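Let me begin by presenting the structure, written as structure tokens, before commenting on it.
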Amino acid sequence: MQVAKERRRLRLVKSADTIRDPIMTKNKKPLIDSDAYYKQVEHYAQQIRGTSDVDEIISILDIVLSETKELHFSDEVCAAREQMQHAERKIELMKGELEQLRELVHTDQMTGAFNRRGLDEIFIREAARADRNEASLCVVLLDLDNFKQINDNYGHQFGDNALMHLVTIAKETLRPSDIIARYGGEEFVVLLPDIGLGEGMLVIRRLQNNLAKKCLPHIENQAIKITFSAGVAVREFGEHQNSAISRADKALYQAKHAGKNRVISTW
């Protein structure tokens, strides 16, 4: 009896217009047996085990979940249906956890800005789009002024608050398509897609003005003014990230030595 049960095949039914399985397409049958289905699932599992790319894993899980949801079971296999629904929930949960992990991997946990890894991936995407559309990509390197003195005078916790405060004001000031990433310490990179040098200068000066209007409170409600210096460059066609940031860094150096709390551009 047990052998007979093991040999009995579950018939998994797909609607004709949603069939994508190559075996089913070849035979033009609306039914696949459980063996073929689970071999396909094992193939996806092997792909997942063979990669460490979170985006690729999420993409594979999307395919598995989509194909699983398209399956319709006969009344004879209620138990199998319940198992499949349980599998769907586990896949959706795993996908959600991986998406959260992807955000953690690309985000600076203290400030909420992108980190260097996130910046690297976004720059590649935005640079490719700019080259493809012959569009501008403004690259800004900014640095909080007198940050060591801030830490020494008010404590490192206040220094951390100053970094978070800057990112908060930047997100309120910049467009949704603009990017701010923590480049290291008190340095941040801002990417402004589809913006030329002149407009980029105006955007960063507006950020300076907004930051000046919202001083950061300290003990006894003492308001501490936070400022930054910035260098602005427009990425050239085909220019690598390091080169564009290096040019912005040279302009930042000039802004620091010109008295701080100012924005200087470079060609």
For this session: Pull up the stretch 106-133, narrow it to residues that are free of Cβ contacts under 8 Å to residues at least 40 places away in the same chain and surrounded by fewer than 18 Cβ atoms within 10 Å (Cβ to Cβ), then point me to the one that is nearest to A162 (Cα to Cα).
Result: Q109
Exercise. Listed residues K256, K213; which is under 30 Å from G155 (Cβ atoms), at pLDDT 95 or above and among the basic types (K, R)?
Worked result: K256
Problem set entry | Selected residue (criterion: farthest from S177 (Cα to Cα)) from residues of the stretch 194-233 that are among the β-branched types (V, I, T) and either out of contact with any Gly (no Cβ under 6 Å at 6 or more places or on another chain) or loosely packed, with under 15 Cβ neighbours inside 10 Å (or both) | I219
Exercise. Within the stretch 159-181, is there a residue that is more than 26 Å from the chain's Cα centre (by Cα), more than 20 Å from G259 (Cβ to Cβ) and in contact (Cβ under 8 Å) with a residue 60 or more places away in the chain?
Worked result: no
Problem set entry | Count - residues of the stretch 149-182 that are under 19 Å from Q222 (Cβ atoms) and in a loop (DSSP other than H, G, I, E, B) | 1
For this session: May I ask you to say which residue of D131, D152, D194, D145 is at pLDDT 95 or above, more than 22 Å from S243 (Cβ to Cβ), among the acidic types (D, E) and more than 19 Å from the chain's Cα centre (by Cα)?
Result: D145
For this session: Could you check, for the stretch 197-211, whether at least one of its residues is in a strand (DSSP E or B), in contact (Cβ under 8 Å) with a residue 40 or more places away in the chain and aliphatic (A, V, I, L, M)?
Result: no
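The values are calculated or read from the model by the stated rules, or taken from the named source; none is laboratory data. Nothing here was measured: the structure is a model prediction, and the numbers come from that model. When we count neighbours, we look across all protein chains shown, and the Cβ atoms used for this are built from the backbone with ideal geometry, even at glycine.
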